[in-house]
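So the structure is just underneath, and the comments pick up after that.
The values are calculated or read from the model by the stated rules, or taken from the named source; none is laboratory data. The model shown is predicted, which means the values in this text are computed figures rather than measured ones. Here the Cβ positions follow ideal geometry from the backbone for every residue, glycine too, while neighbour counts run over all protein chains shown.
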Amino acid sequence: MYLLELAGEDDAFAVREAESRCSAVDLVAPGIATARGVEAPEALAYTRRICRLVGTCAPDVEAASALARTAGRDRAGSIAVRARDVRGLAGIDTQAVERRLGSRLVDRGFDVDLETPDHTLLALFSSGLAALGWLETEPEREFAARKPTKKPFFQPGSMAPMDARALANIAGAAPGARILDPMCGTGGILVEAGLAGASVVGVDAQAKMVRGTERNLAAYLGEGSVLRGDATRLPLADDSVDGAVLDAPYGRQSKVAGGSLSALVGGTLSELRRVAPRAVLVGDRVWSDAAEAAGWSVADRFDRRVHASLTRYVHVLT
Ligand SMILES: C[S@@+](CC[C@H](N)C(=O)[O-])C[C@H]1O[C@@H](n2cnc3c(N)ncnc32)[C@H](O)[C@@H]1O
């Protein structure tokens, strides 16, 4: 079993993303999940750390110390203990936990090496539960370095890379998969899908956006195909991609080529149904009726508040 430390505040969304790379994901406490199997979890955005689960216990030092007694029977070498009060929910003294669990392991013959340990025991404390695990993977967290204003081509209204990565993962971005963004804008979703291992194809109605996405893909991926076209008449064959992410224009903020926003979103959803087996639709309103009218089922929906005047409604379509 594995232990996942989730990032962000929206556990349901983080779990949904984790399910793209992990099996049997179970939220066991705020910010903490377990999973049965994991595959290439380093591409996840909303999972901070992945460990081999030692076990769970009450969120206090005594219980964690007792649990640490059972840890590492199959390990040798040097260790470090890292304790985390997830979102400050447990109100625990993490340094005291690290000292206590560290001395437990020293009693059992381990050496402590805080700089370059052979094994790191992670102790996560949340409300109602603590969990111990041996650290295996810390996904890269370079999202800030790729924020929209740092990219070669930037336009206002671009999505934050961490969200773009999570949406791409939910849509199925992984090595061997082909991911489409039919209204690619500056290409932020495609960059993250590509960094998650997928090959990418973008479409946008505006020549400026096509050229801009090409520049951004060249900077981060070195490849990717970008076409100028209409998302309601995609220049792609039936069933030619493995997943799609549609970041629909938000009201008046984005240029709407070809009629009303609902006609645009409805027409695009029908086209996505033709070319992809699954899609993620993001918009500034609920588009479930339009999705169902286009033949999709809304498997999940997440209402993600960005700021006072923008909530992004994320629809997972199958
Ligand atoms: C909300 S933006 C996408 C933003 C993008 N996710 C990003 O992070 O930069 C919407 C994009 O849809 C494009 N668009 C609008 N109508 C379109 C259509 N009919 N076909 C293709 N693209 C269209 C616009 O040119 C704009 O670039």
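Looking at the structure I just gave you, is Ala244 buried (at least 23 other Cβ atoms within 10 Å of the Cβ), in the same structural domain as Asp163 (by TED's automatic domain parsing), among the hydrophobic types (A, V, I, L, M, F, W, C) and within 13 Å of the ligand (Cβ to nearest atom)?
On the way: buried (at least 23 other Cβ atoms within 10 Å of the Cβ): yes; in the same structural domain as Asp163 (by TED's automatic domain parsing): yes; among the hydrophobic types (A, V, I, L, M, F, W, C): yes; within 13 Å of the ligand (Cβ to nearest atom): yes.
Yes; evaluated as a whole, the condition is true for this residue.
Which count do you get for residues in the range 80-94 that are under 17 Å from Glu9 (Cα atoms) and of a type outside the set (A, V, I, L, M)? If you could, list the steps in order and put the result at the bottom.
From the range 80-94, those under 17 Å from Glu9 (Cα atoms) are 84-90; that's our starting set.
Remaining after also requiring of a type outside the set (A, V, I, L, M): 84-85, 87-88.
Within the range 80-94, residues that are under 17 Å from Glu9 (Cα atoms) and of a type outside the set (A, V, I, L, M) number 4.
Name the residue that is nearest to Thr318 (Cα to Cα), counting only residues in the range 270-288 that are in contact (Cβ under 8 Å) with a residue 40 or more places away in the chain and touching a helix residue (DSSP H, G or I) at 6+ places or on another chain (Cβ under 8 Å).
Taking the range 270-288 as the starting set, the residues that turn out to be in contact (Cβ under 8 Å) with a residue 40 or more places away in the chain are 271-272, 274-280, 282.
Filter once more, keeping what is touching a helix residue (DSSP H, G or I) at 6+ places or on another chain (Cβ under 8 Å): 279-280, 282.
Details: Ala279: 7, Val280: 9, Val282: 14 Å.
Once the filter is applied, the top-ranked residue is Ala279.
Look at Leu234 and say whether it is surrounded by 18 or more Cβ atoms within 10 Å (Cβ to Cβ), modelled with pLDDT of 95 or more, within 10 Å of the ligand (Cβ to nearest atom) and over 25 Å from the mean Cα position of the chain (by Cα).
Details: surrounded by 18 or more Cβ atoms within 10 Å (Cβ to Cβ): yes; modelled with pLDDT of 95 or more: yes; within 10 Å of the ligand (Cβ to nearest atom): yes; over 25 Å from the mean Cα position of the chain (by Cα): yes.
It is true that Leu234 is surrounded by 18 or more Cβ atoms within 10 Å (Cβ to Cβ), modelled with pLDDT of 95 or more, within 10 Å of the ligand (Cβ to nearest atom) and over 25 Å from the mean Cα position of the chain (by Cα).
Working carefully through the options Ala196, Ala168, find the one that is more than 8 Å from the ligand (Cβ to nearest atom), surrounded by 24 or more Cβ atoms within 10 Å (Cβ to Cβ) and more than 18 Å from Tyr313 (Cα to Cα). Walk me through how you get there before you give the answer.
Values: Ala168 fails: more than 18 Å from Tyr313 (Cα to Cα).
Testing whether each residue is more than 8 Å from the ligand (Cβ to nearest atom), surrounded by 24 or more Cβ atoms within 10 Å (Cβ to Cβ) and more than 18 Å from Tyr313 (Cα to Cα) leaves just Ala196.
Which count do you get for residues in the range 19-49 that are assigned to a strand (DSSP E or B) and under 21 Å from Ala171 (Cβ atoms)? Walk me through it before giving the result.
Filtering the range 19-49 down to residues assigned to a strand (DSSP E or B) leaves 22-23, 26-29, 32-35, 37-38, 47-49.
Of the ones still in play, those that are also under 21 Å from Ala171 (Cβ atoms) are 22-23, 33, 35, 37-38, 47.
So the count comes out to 7.
Consider the range 60-85. How many of its residues are touching a residue at least 60 places away in the same chain (Cβ under 8 Å) and farther than 16 Å from Leu121 by Cβ? If you could, list the steps in order and put the result at the bottom.
Filtering the range 60-85 for residues touching a residue at least 60 places away in the same chain (Cβ under 8 Å) gives 60, 63-64, 67-68, 71-72, 84.
When the remaining residues are screened for being farther than 16 Å from Leu121 by Cβ, the result is 60.
Counting residues in the range 60-85 that are touching a residue at least 60 places away in the same chain (Cβ under 8 Å) and farther than 16 Å from Leu121 by Cβ gives 1.
Hey, among the residues in the range 148-159 that are modelled with pLDDT of 95 or more and not β-branched (Val, Ile, Thr), which one's nearest to the ligand (Cβ to nearest atom)? Let's see the steps before the verdict.
Within the range 148-159, the first condition is being modelled with pLDDT of 95 or more, and the residues that meet it are 148-154.
Then drop every residue that is not not β-branched (Val, Ile, Thr), which leaves 148, 150-154.
Working: Pro148: 7, Lys150: 13, Lys151: 9, Pro152: 13, Phe153: 9, Phe154: 9 Å.
Result: Pro148.
If you go through the range 136-189, how many residues are assigned to a helix (DSSP H, G or I) and among the aliphatic types (A, V, I, L, M)? Reasoning before the result, please.
Of all residues in the range 136-189, those assigned to a helix (DSSP H, G or I) come to 143-146, 148-150, 161-170, 188-189.
From what's left, among the aliphatic types (A, V, I, L, M): 144-145, 162, 164, 166-168, 170, 189.
Qualifying residue count, the range 136-189: 9.
Strands (runs of 3 or more DSSP E) wholly in the range 192-299 with at least 1 residues that are among the hydroxyl-bearing types (Ser, Thr, Tyr) - which ones? Can you show your working first?
Numbers: elements: 199-204, 225-228, 243-247, 279-283.
So the answer is 199-204, 225-228.
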